[in-house]
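A quick write-up on the structure given underneath.
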Amino acid sequence: MALPSPQLLMWSASDGYEGYYRLWTPAGPPRANLVCVHGIQSHSGWYEYSSAKFCEAGYVVWYPDRRGSGRNWQQRGDCPSYGRLLADVAEFIRAVRAGIFTARLPGQGPGAGLPVVVLAGSWGAKLALACCRAFPGYADALILWSPGFFPQVKLSWRSRIRVFLARLLEPTRQFPIPLNDPELFTANPERIRFIREDELSLRQATARFLVESRRLDWYLRGTPQYITCPVLLLLAGKDRIIDNDKTRRFFQRWASAHKTIIEYPQAHHTLEFEDDPDFFIRDILAWLEGIEPLLPRRESSFPPSLPAL
């Protein structure tokens, strides 16, 4: 049986930026919304298999490409500030809750009024977590895989100085993202070739984006007390991009009373690109089944305005 196929659609942020997103809608009554946030280099097209499987299980899956990445060529590799990126996530979720993507009147879109679970990985997990502080209550649950809170792969000191100077003098100057070796993401030869040949992958970012990413790291230090919803953390034992030990210690500080961690000793950074990725999809679906009684049916309560960051 063929897996569900996505629609490729567009949405507009409050500052007028228009971006693409993929939408998978289940055939039957939806159980909840699954809003996904991708990493610094990837885009929604990397995760079509897992998204289709989640849709098949009854979830409305929303996967926006971050501004300046994926199919979004405007302001490529750039962002005004990390606060704007957080607002993008929050505004997208507010529209999902209200159902205004596919209908003129609130409440008529797929998943309107249903819980919102945020699924974020790698660098995107930084945005998902920071939104808990900037917009309390924006998500009803979090699923984070290989989160990029403590990266092992970093710019050299010389490159950092060059980026900082460019941020002051030429903020849109492009620099290589230090993740351009596909073997950092996976050991699967087919997926390594996919990453290497993917024209939509983001391989450079502006000095402004890279500095804002660092500012976001500092903002994340104050997030543990704001993480009160159920959280699932997935770690890959052979991850060469993030520091799992620091991530575990950070995770233990979070305020949530419903925290679950699952580790895959033989897996690499991008779980989607394992030879058989169904293992982590099954674990996510089982966890969602277990927390379903904890998920509220309510309208959005977080503010629509840009956070003062």
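The values are calculated or read from the model by the stated rules, or taken from the named source; none is laboratory data. Note that the coordinates shown come from a computational prediction; the quantities given were computed from them, not determined experimentally. FYI the Cβ positions are ideal-geometry reconstructions off the backbone, even for glycines, and counts take in every protein chain you see.
Looking at Asp275 and the list (1) part of a loop (DSSP other than H, G, I, E, B); (2) farther than 25 Å from Leu3 by Cα; (3) at pLDDT 95 or above, which single condition is not satisfied?
Unmet condition: (2).
Go through (1) free of Cβ contacts under 8 Å to residues at least 12 places away in the same chain; (2) buried (at least 22 other Cβ atoms within 10 Å of the Cβ); (3) not basic (Lys, Arg) one by one and return the number of the condition Cys131 breaks.
(1)
Only one of these conditions is not met by Arg167: (1) under 30 Å from Ile262 (Cα atoms); (2) touching a residue at least 24 places away in the same chain (Cβ under 8 Å). Which number is it?
Answer for Arg167: the failing condition is (1).
Can you give me the number of residues within the range 54-75 that are out of contact with any strand residue (DSSP E or B) (no Cβ under 7 Å at 6 or more places or on another chain), assigned to a helix (DSSP H, G or I) and aromatic (Phe, Trp, Tyr)?
From the range 54-75, those out of contact with any strand residue (DSSP E or B) (no Cβ under 7 Å at 6 or more places or on another chain) are 56-58, 66, 68-69, 73-75; that's our starting set.
Next cut, assigned to a helix (DSSP H, G or I) only: 56.
From what is left, the residues that are aromatic (Phe, Trp, Tyr) are none.
Residues in the range 54-75 being out of contact with any strand residue (DSSP E or B) (no Cβ under 7 Å at 6 or more places or on another chain), assigned to a helix (DSSP H, G or I) and aromatic (Phe, Trp, Tyr): 0 in total.
Answer yes if at least one residue in the range 94-106 is under 19 Å from the mean Cα position of the chain (by Cα), within 30 Å of Glu274 (Cβ to Cβ) and in contact (Cβ under 8 Å) with a residue 60 or more places away in the chain, and no otherwise. Even if it seems obvious, please write down each step before you answer.
First, the residues of the range 94-106 that are under 19 Å from the mean Cα position of the chain (by Cα): 94-97.
If we keep only those that are within 30 Å of Glu274 (Cβ to Cβ) too, we end up with 96.
If we keep only those that are in contact (Cβ under 8 Å) with a residue 60 or more places away in the chain too, we end up with 96.
There is at least one residue in the range 94-106 that is under 19 Å from the mean Cα position of the chain (by Cα), within 30 Å of Glu274 (Cβ to Cβ) and in contact (Cβ under 8 Å) with a residue 60 or more places away in the chain.
Take the range 43-64 and flag every residue that is surrounded by 21 or more Cβ atoms within 10 Å (Cβ to Cβ) and either hydroxyl-bearing (Ser, Thr, Tyr) or within 28 Å of Asp217 (Cβ to Cβ) (or both). Even if it seems obvious, please write down each step before you answer.
Residues of the range 43-64 that are surrounded by 21 or more Cβ atoms within 10 Å (Cβ to Cβ), as a first pass: 43-44, 46-47, 50-51, 54-55, 59-64.
Those that are surrounded by 21 or more Cβ atoms within 10 Å (Cβ to Cβ) and either hydroxyl-bearing (Ser, Thr, Tyr) or within 28 Å of Asp217 (Cβ to Cβ) (or both): His43, Ser44, Trp46, Tyr47, Ser50, Ser51, Tyr59, Trp62, Tyr63, Pro64.
Looking only at the range 218-241, filter to residues that are within 21 Å of Leu184 (Cα to Cα) and out of contact with any Leu (no Cβ under 8 Å at 6 or more places or on another chain); which one of those is surrounded by the most Cβ atoms within 10 Å (Cβ to Cβ)?
Taking the range 218-241 and keeping what is within 21 Å of Leu184 (Cα to Cα), we get 233-241.
After this cut, where a residue has to be out of contact with any Leu (no Cβ under 8 Å at 6 or more places or on another chain) as well, the list is 235, 237-239.
Working: Leu235: 23, Gly237: 11, Lys238: 13, Asp239: 21.
Applying the filter and picking the extreme gives Leu235.
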